[in-house]
Amino acid sequence: MELKKILNGIENYKSKGDLEIDISSIEDNSKEVKPGSLFIAISGYDFDGHNFVQEAIANGAVAVILDVNANLKGIKLNSEITVILVENSRIALAIAACNFYGNSSKKFTLIGVTGTKGKTTTTYMIKSILEKMGKKVGLIGTIANYIGDNCLGESTRTTPGSIELQRTFKEMAKEKVDYVVMEVSSQSLKLNRVLGTYFDIGVFTNFSGDHISEKEHSDMADYFKSKEKLFSMCKKAYVNSDDFKSSILIKDNPKCEFKTYGIDNTCDLLAKDVTITNVSVDYKVKIGSKNERIKVNIPGRFSVYNSLAAISLCLDLGATLDNIKETMEEIAVPGRSELISNNVDYPIMIDYAHTPESLSCILQAVKTYTRDRVICVFGCGGDRDTEKRPLMGEVSGKYADYTIVTTDNPRTEKPEDIIAQIEVGISKTKGKYEVIVDRKEAIKKAITMMNKKDMVVIAGKGHEKYQEIGKEKISFDEREIVKDILKEVKK
């Protein structure tokens with residue numbers, strides 16, 4: 001594609017060199033650059049792309065986009081390289097990616113789901129209902145990206161970077177999908193990864209504390225402001241009326257048409273008579289002129305909210321009652337209240353809960369239907385959001401009958417230091433607990449001590465099949481680990 005076409009929509013840029021040259025690819029990683037590439041230098045948290053301009057040119061870049069606010073000293077450019085200076089290279093990257101990949105988000109109906117909790121489950125529910133309607137659906141999110149049943153690969157982040165996202169959109173458009181459902185993280189909105197994307201519909205699940213760190217959001221105000229961006233990009237949205245932030249979203253975005261769903265407050269789609277068991281939840285909801293009973297194959301009050309969001313949206317897209325009922329009774333989402341099947345009928349659940357709010361939610365949910373003890377195994381990730389560690393300890397101490405504090409993804413921090421911060425919180429409660437640093441041994445201890453009336457909740461990693469220790473990802477699939485331990489202890 002001609003360079004000047006790729007630059008269309010980027011404001012106030014300055015250029016030197018030929019803008020009519022043909023660009024074979026756009027890259028923000030110098031190692032991915034090939035002959036004919038446009039390299040866009042981004043100043044990131046860990047690396048500054050401006051330090052790798054020479055490497056990009058050596059690998060074949062014929063043009064570079066640089067941020068005027070970056071340190072440009074020491075960058076040597078020969079006269080054959082086209083140089084574009086922009087006010088914000090992240091914004092330029094997003095717009096260039098949209099242009100290069102043909103603004104493919106215009107070629108299907110795009111549904112964006114944001115919120116602190118429930119994004120993954122809600123997107124799976126929406127996708128599943130739409131497929132029951134006979135639609136071809138793409139999904140982009142935390143676990144993996146899909147076109148129908150075809151997995152395009154596991155995800156490395158909730159919302160991909162601009163280049164990967166727009167490339168994925170192009171692939172989905174080529175496959176003639178009718179809808180794409182995607183998780184939209186606060187970080188992707190803050191860093192303009194989704195800028196230039198054409199969202200048709202937005203969903204807001206809820207808002208609570210998470211992602212507050214030097215590398216994410218400075219405070220809760222910044223976190224919410226980032227999420228709110230999605231609703232300035234949508235024509236229509238569905239929001240949780242029981243969340244205190246929904247009224248703010250509606251007030252701040254008058255050009256967006258909002259519909260509401262909930263349990264406690266007046267709304268457009270209201271759930272009544274909620275019943276929760278250890279394997280499901282069901283409730284009444286008015287669809288058309290009748291009150292219908294909906295059963296969801298994922299236990300917990302949060303499943304009511306996630307399913308209401310999906311039902312509300314899909315009803316407006318033409319879903320029938322049969323589409324909805326069949327989907328909700330069959331739905332299963334990896335790592336979200338996932339009960340591990342085993343031949344000894346031990347209730348062992350894996351859940352992605354990794355914030356105080358999500359841990360509180362899952363522990364309170366299982367507490368209502370567990371006949372004996374709730375045993376919780378959890379840790380906290382390293383290199384981010386240190387303030388939540390004692391809070392999560394306090395939550396587990398309060399709601400679990402026994403807690404085993406262990407590692408999660410310690411990354412470059414010492415696991416013992418993270419655990420010590422968790423202990424500050426759990427020691428404020430009367431909850432019984434112990435520390436086992438090795439996560440596999442911690443899981444083994446929980447299973448060894450449980451009986452069939454107990455529930456073991458292994459929280460924090462969910463769908464992940466690895467541990468991040470140092471800067472390496474080490475294979476760690478908790479489903480297989482649980483099954484191996486059950487064979488070993490011969491329960």
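The values are calculated or read from the model by the stated rules, or taken from the named source; none is laboratory data. Quick caveat: nothing in here was measured; it's all calculated off a predicted structure. Positions of Cβ are backbone-derived with ideal geometry, glycine not excepted, and every protein chain shown enters the neighbour counts. The area values use the complete protein model at the heavy-atom level, side chains included, leaving out ligands, DNA and RNA. Shrake-Rupley method; radii C 1.70, N 1.55, O 1.52, S 1.80 Å.
Side notes on the structure shown:
- Heavy-atom accessible area for S289, with the other protein chains in place and a 1.4 Å probe, reaches approximately 100 Å².
- Summary of the geometry: region 344-358 and region 394-420, compared by the centres of their Cα atoms, lie 14 Å apart.
- Environment charge at Y238 (Cβ cut-off 11 Å; Lys +1, Arg +1, Asp -1, Glu -1): -1
- Percent carbon-and-sulfur accessible area, the chain, ignoring ligands, DNA and RNA, probe 1.4 Å: 47 percent
- For region 414-491: rounded, prolate or oblate by the Cα gyration tensor [a/c cutoff 1.5]: oblate
- Partners for K16 among lysines (Cα-Cα distance below 25 Å; same-chain residues under 8 apart left out): K4, K5, K31, K34, K73, K76
- Entry comment: accessible area of region 440-491 is 50 Å² per residue, from protein heavy atoms only and a probe of 1.4 Å.
- Region 421-491 and region 16-95: distance between their alpha carbon centers, rounded to Å: 45 Å
- Accessible solvent surface per residue of region 240-357, calculated while the other protein chains remain in place, 1.4 angstrom probe, Å²: 46 Å²
- Additional length obtainable on full extension of the chain from L19 to K367, 0.36 nm per residue less Cα span: 118.9 nm
- Ranking T156, A332, A58 by Cα position along the charge dipole of the chain, where only Lys, Arg, Asp and Glu carry charges on their C-beta atoms, puts A332 farthest toward the positive end.
- Mean ellipticity per residue at 222 nm, deg cm²/dmol - from DSSP H runs of n ≥ 4 across the chain, formula -39500 (n - 2.57): -9500 deg cm²/dmol
- Shape of region 96-195, Cα gyration tensor, a/c cut at 1.5: oblate
- Per residue accessible area of region 1-124, 1.4 Å probe, in Å²: 47 Å²
- The magnitude of the dipole of region 257-406, with charges of +1 and -1 set on the Cβ of Lys/Arg and Asp/Glu and taken from the Cα centre, is near 340 debye.
- Gain in span if fully extended, L321 to N291, counting 0.36 nm per residue against the direct Cα distance: 9.7 nm
- Going through (i) 1.02; (ii) 0.99; (iii) 1.12, the figure that equals Rg/Rh (Cα atoms, Kirkwood Rh) as computed for the structure here is (ii).
- For Y45, the solvent-accessible surface with a 1.4 Å probe is about 110 Å², rounded to the nearest 10.
- Between A144 and S79, the FRET efficiency from the beta-carbon distance, with R0 = 35 Å, is close to 0.20.
- Two-site FRET efficiency, N71 against N29, from Cβ-Cβ distance with R₀ of 22 Å, rounded to 0.05: 0.70
- Simple Cβ-charge dipole of the chain, Lys/Arg +1 and Asp/Glu -1, about Cα centre, in debye nearest 20: 1000 debye
- Highest average packing first - 340-349, 233-242, Cβ atoms within 10 Å: 233-242, 340-349
- Highest-first packing order for the peptide set 96-105, 67-76 is 96-105, 67-76, based on the mean count of other beta carbon atoms within 10 Å.
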